[in-house]
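Asker: Starting off with a structure, shown below.
The values are calculated or read from the model by the stated rules, or taken from the named source; none is laboratory data. On a predicted model such as this, the values are computed, not experimentally measured, just so you know. For neighbour counting, all protein chains shown are included, and Cβ atoms are generated from backbone atoms with ideal geometry for every residue, glycine included. We work out accessible area using only protein heavy atoms, side chains counted, and drop any ligands, DNA or RNA first. Shrake-Rupley method; radii C 1.70, N 1.55, O 1.52, S 1.80 Å.
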Amino acid sequence: MIQRIQSVYLLLASVLSVVGLCLPVAYIVVGRGDTTLEASVMERVYNLWVSNASESGYSLTTWPLFVLLLAAAALTLYTIFAFRNRVVQARLCLFISFLLLGWHLVFAVFSQVLVDALAGESFQPAFGAFLPFVALLLTVLARRAIIADEKMVRAADRIR
């Protein structure tokens, strides 16, 4: 049913994924000048673009992060309404978990490449980078609840 706890987990995971799409996932602090008293520019790295990247002189593409997180958010919403077929719902949760793990892998590779490319700048993950991890945990919890429901239904069918 749609009012089960796994639906709440999946709804929260979907909301966190959508919010993660809108928030910056990292900051690049670019120092301007030789002294620390001079102003430094903070560039925000989003899932789809990097702010002020053209002014810094390097070009970054972050669209794989956007695609993975958008697909995870859309599939999570679809999974909520696939409650009539719990086996498919559990498989979709597993696939969503792999998408979110892929997001973390792409983010790790992206940040490592960016750290290597940055000369004097610093790379700092932002709050938006942790939201897909929480969505991953909620998806795993939803899958466990779906499997528990399926076991309960099968046990009830055996008794009849």
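Asker: Taking the stretch 129-155 on its own, how many of its residues are surrounded by 12 or more Cβ atoms within 10 Å (Cβ to Cβ) and in contact with a helix residue (DSSP H, G or I) (Cβ under 8 Å, 6 or more places away or on another chain)?
Answerer: So the answer is 18.
Asker: May I pose another question? Sort out which residues of the stretch 98-128 are in a helix (DSSP H, G or I) and touching a helix residue (DSSP H, G or I) at 6+ places or on another chain (Cβ under 8 Å), and write them in order of number.
Answerer: LEU99, LEU100, LEU101, GLY102, TRP103, HIS104, VAL106, PHE107, PHE110, GLY128, listed by residue number.
Asker: Kindly evaluate ALA53 against the criterion of being modelled with pLDDT of 95 or more and either in contact with a His (Cβ under 6 Å, 6 or more places away or on another chain) or among the small types (Gly, Ala, Ser) (or both).
Answerer: On the way: modelled with pLDDT of 95 or more: no; either in contact with a His (Cβ under 6 Å, 6 or more places away or on another chain) or among the small types (Gly, Ala, Ser) (or both): yes.
Considered against the rule, which asks whether it is modelled with pLDDT of 95 or more and either in contact with a His (Cβ under 6 Å, 6 or more places away or on another chain) or among the small types (Gly, Ala, Ser) (or both), ALA53 comes out as no.
Asker: Go through (1) under 19 Å from ALA135 (Cβ atoms); (2) at pLDDT 90 or above; (3) over 12 Å from the mean Cα position of the chain (by Cα) for VAL88 and report which single condition fails.
Answerer: (1)
Asker: Also, I was wondering about something else. Could you list all residues from the stretch 113-128 that are exposed (fewer than 12 other Cβ atoms within 10 Å of the Cβ) and modelled with pLDDT under 85?
Answerer: Within the stretch 113-128, VAL113, ASP116, ALA117, ALA119, GLY120 meet the criteria.
Asker: Please enumerate the residues belonging to the stretch 83-97 that are assigned to a loop (DSSP other than H, G, I, E, B) and open to solvent by 60 Å² or more (accessible area, probe 1.4 Å).
Answerer: The answer is ARG84, ASN85.
Asker: Condition test on VAL30, is it surrounded by 16 or more Cβ atoms within 10 Å (Cβ to Cβ), at pLDDT 80 or above and not polar (S, T, N, Q)?
Answerer: no
Asker: From the list LEU105, LEU77, LEU101, which one is open to solvent by 30 Å² or more (accessible area, probe 1.4 Å) and closer than 18 Å to CYS22 by Cα?
Answerer: LEU77
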